[in-house]
Amino acid sequence: MIDLIKDLWGLMRERKKFWLAPIIFVMLLLGALIVLTQGSAVAPFIYTLF
């Protein structure tokens with residue numbers, strides 16, 4: 001996992017694609033939200049957002 005992060009950061013730094021950082025951050029945040037609320041009573045309300 002750390003190697004993947006290093007590779008992504010190296011790509012963004014080398015190719016000047018720093019605009020990818022917020023997109024990756026939001027995708028990780030939404031993925032964590034879905035995983036953490038999957039077994040709770042909040043899950044039906046989270047899924048209606050998408």
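The values are calculated or read from the model by the stated rules, or taken from the named source; none is laboratory data. Note that the structure is predicted; figures quoted are calculated from it, not measured. We work out accessible area using only protein heavy atoms, side chains counted, and drop any ligands, DNA or RNA first. Shrake-Rupley method; radii C 1.70, N 1.55, O 1.52, S 1.80 Å.
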* Out of all the residues in region 40-47, is one or more open to solvent by 100 Å² or more (accessible area, probe 1.4 Å) and over 11 Å from the mean Cα position of the chain (by Cα)? -> yes
* Please tell me if M27 is open to solvent by 100 Å² or more (accessible area, probe 1.4 Å) and in a helix (DSSP H, G or I). => yes
* To do: Among the numbered conditions (1) under 17 Å from the mean Cα position of the chain (by Cα); (2) in a helix (DSSP H, G or I); (3) modelled with pLDDT under 85, tell me where A21 comes up short.
  => (3)
